[in-house]
Amino acid sequence: MKEQLHANRVQLAYATVLGYASTIGIVFILAGYLVYVFQLLPLAVPPAEIATYWHLRAAELHKAVSVPSGWNWIGELGRGDVLSYASIIYLASTTVVCLVAIIPAFIREKDGIYTTITILQVIVLLCVATGILSGGGH
């Protein structure tokens, strides 16, 4: 006889948020791609020229092309290439959103250890993403 496996509330909360966030992320990536490819907004690097820069390191790319570094991309969301980049950042940040969503479930279950671990994970990920501990952003 097969053993029945059941997801608990925390797993269901995480999966629900991940399902919505990843669906939105894929739509966002597709929209960013289309905006970039069809050049619906101004671009720093047109699609026809992008391959010429693939071999460059980040520092070299910043010298050759006007692309934002660190968190400066936020101020340039009106550009097609930056909008496409923002869609990738959104998708990468869904882990933090999912972790934040399960904290109340751990609290309801009075699971102090997992609540603490999850809060610490969120803090660490946010510190790394913002560059607070390194003195600069990524």
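Just so you know, all these numbers are worked out from the coordinates, no wet-lab data involved. Predicted model only: the values in this text are computed from it and were never measured. Reconstructed Cβ throughout: ideal geometry from the backbone, glycine too, with neighbour counts over all protein chains shown.
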Placing each pseudo-label 7 Å from Cα in the direction of the beta carbon, Ala64 and Cys127 end up separated by a distance in nanometres of 3.6
Work out from phi, with θ = phi - 60° and the Karplus expression 6.51 cos²θ - 1.76 cosθ + 1.60, the ³J(HN,Hα) of each residue of region 46-55, listed in order in whole Hz, and give x for Gly and Pro.
-> x, x, 5, 9, 4, 5, 5, 9, 4, 7
Put in order of increasing Cβ neighbours within 10 Å, starting from the fewest, Glu109, Glu76 give Glu109, Glu76
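Would you please put 61-68, 98-105 in order of how densely packed they are, using the mean number of other Cβ atoms within 10 angstrom per residue and starting with the highest? Each step should come with its number before you reach the end.
Numbers: 61-68: 14.0, 98-105: 17.6.
Listed from highest to lowest mean packing, they are 98-105, 61-68.
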In order through region 92-108: 3J(HN,Hα) via Karplus (6.51 cos²θ - 1.76 cosθ + 1.60), integer Hz, x for Gly, Pro = 5, 7, 5, 4, 5, 4, 5, 5, 4, 5, 8, 4, x, 5, 5, 5, 4
Mind checking the dipole of the chain: about its Cα centre, +1 per Lys or Arg Cβ, -1 per Asp or Glu Cβ, Debye to the nearest 20?
-> 220
Among 24-33, 78-87, the order from most to least packed when residues are scored by Cβ within 10 Å on average = 78-87, 24-33
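Please compute one quarter of the surface area of the Cα convex hull for the chain and express it in square nanometres. List each step's numbers first, then the result.
Numbers: hull surface 49.6 nm².
Orientation-averaged projected area of the Cα hull: 12.4 nm².
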PRE reach from Gln39 (point 7 Å along Cα→Cβ): which of region 76-93 fall under 18 Å by backbone N?
-> 78-84
Where the centroid of each part is defined by its Cα atoms, how far is region 49-69 from region 85-138 in Å?
-> 30
With bins of 5 Å, the percent of all Cα-Cα pairs of region 78-138 per bin from 0 is 4, 17, 19, 18, 17, 12, 8, 4, 2, 0
How large is ³J(HN,Hα), in whole Hz, for each residue of region 69-79 in order, when computed from phi with the Karplus curve 6.51 cos²θ - 1.76 cosθ + 1.60 and θ = phi - 60°, using x for Gly and Pro?
-> 10, x, 8, 5, 4, 4, x, 10, 5, x, 9
By count of other Cβ within 10 Å, fewest leading, how are Thr52, Thr118 ordered?
-> Thr52, Thr118
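So what is the relative contact order of region 9-130, in percent, for Cα pairs below 8 Å that sit 6 or more residues apart?
The value is 36 percent.
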